[in-house]
Amino acid sequence: MRATKLETLALEYQKIEANKNESKKIMGEKRMKLQDEIKRLERKVDGHKTILNLRSKKGTLHKELVWAKVRDAELELQDQKSKMEAIETKWNESKANSARRADKVNKLKEKIRELEQTISQLKDQIKVQNIPQMDIRRQLEELSQKYREKQRERQQIGDNHGS
């Protein structure tokens, strides 16, 4: 009986050992599958983390892009304001120059009118002065002619008396 029990125990031990080896083998295979599954899931988690990081970076970059556009628009606005102010300054200077020129033109027109009146008055004075001078010249010529006639008469009288 002992031998049978020993044999039975040995057989049971061998079965247990075989089951143990089979279990270790199955557990090793399961462990390998689980490790592969863990690696696959870790890669998937890393992929999701990368996606989340990229989304976060995309959001950050989008915000930076919007702010850069705002900054560029503000700079463009400042540039346009500066240009507009320069144009307004030139416009105001031009209006002021135009007003001064118009003022000068009006003053020159007034001066021309005054000079034309002065010229007209002087011409009238010359006409008035020329009339007496013409009379005086005519009178002088008449007197001069009478004087020559008288001199001729005296000469004729003197010639007549001396002969």
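Read-outs: derived from the displayed coordinates by stated rules, not from any lab. If you're wondering where the values come from, they're calculated on a predicted model, not measured in any experiment. All Cβ positions, even for glycine, are placed from backbone atoms using ideal geometry, and neighbour counts span all protein chains on display.
Does the chain classify as rounded, prolate or oblate by the C-alpha gyration tensor (a ≥ b ≥ c root eigenvalues; a/c under 1.5 gives rounded; else a/b over b/c gives prolate, otherwise oblate)? Don't skip to the end; give the middle numbers.
Numbers: a/c = 29.52, a/b = 10.14, b/c = 2.91.
The shape class here is prolate.
Any chance you could give the angle, 0 to 90 degrees and rounded to 10, that helix 2-162 forms with the longest Cα principal axis of the chain?
0 degrees
Based on alpha-carbon centroids, what's the gap between the range 4-27 and the range 55-121 in Å, whole number please?
104 Å
Mind scanning 24/44; 30/58; 5/25; 90/111; 49/69 and naming the pairs with a C-alpha gap bigger than 32 Å? Let's see the in-between values first.
Numbers: 24/44 29 Å; 30/58 40 Å; 5/25 29 Å; 90/111 30 Å; 49/69 30 Å.
Flagged as over cut-off: 30/58.
Would you please classify the overall shape of the range 1-88 from the alpha carbon gyration tensor, given that a ≥ b ≥ c denote the square roots of the eigenvalues, rounded means a/c under 1.5, and beyond that prolate means a/b larger than b/c while oblate covers the rest?
Numbers: a/c = 20.04, a/b = 14.02, b/c = 1.43.
Taking the square roots of the gyration eigenvalues as a ≥ b ≥ c, the range 1-88 is prolate.
Could you tell me which of 120, 56, 105 has its Cα farthest along the dipole of the chain towards the positive end, charges placed at Cβ (Lys, Arg +1; Asp, Glu -1), taken about the Cα centre?
Of the candidates, 56 comes out farthest on the positive side.
So what is the 222 nm mean residue ellipticity for the chain from helices alone, if each DSSP H run of at least 4 adds -39500 (n - 2.57) and you divide by all residues, rounding to the nearest 500 deg cm²/dmol? Could you put the intermediate results ahead of the total?
Values: 1 runs with 161 residues, N = 163.
Calculated mean residue ellipticity at 222 nm is -38500 deg cm²/dmol.
With +1 on each Lys and Arg Cβ and -1 on each Asp and Glu Cβ, how big is the dipole of the chain about its Cα centre, in debye rounded to the nearest 20?
Numbers: 40 positive and 28 negative charges, 247 e Å.
In debye, rounded to 20, the chain gives about 1180.
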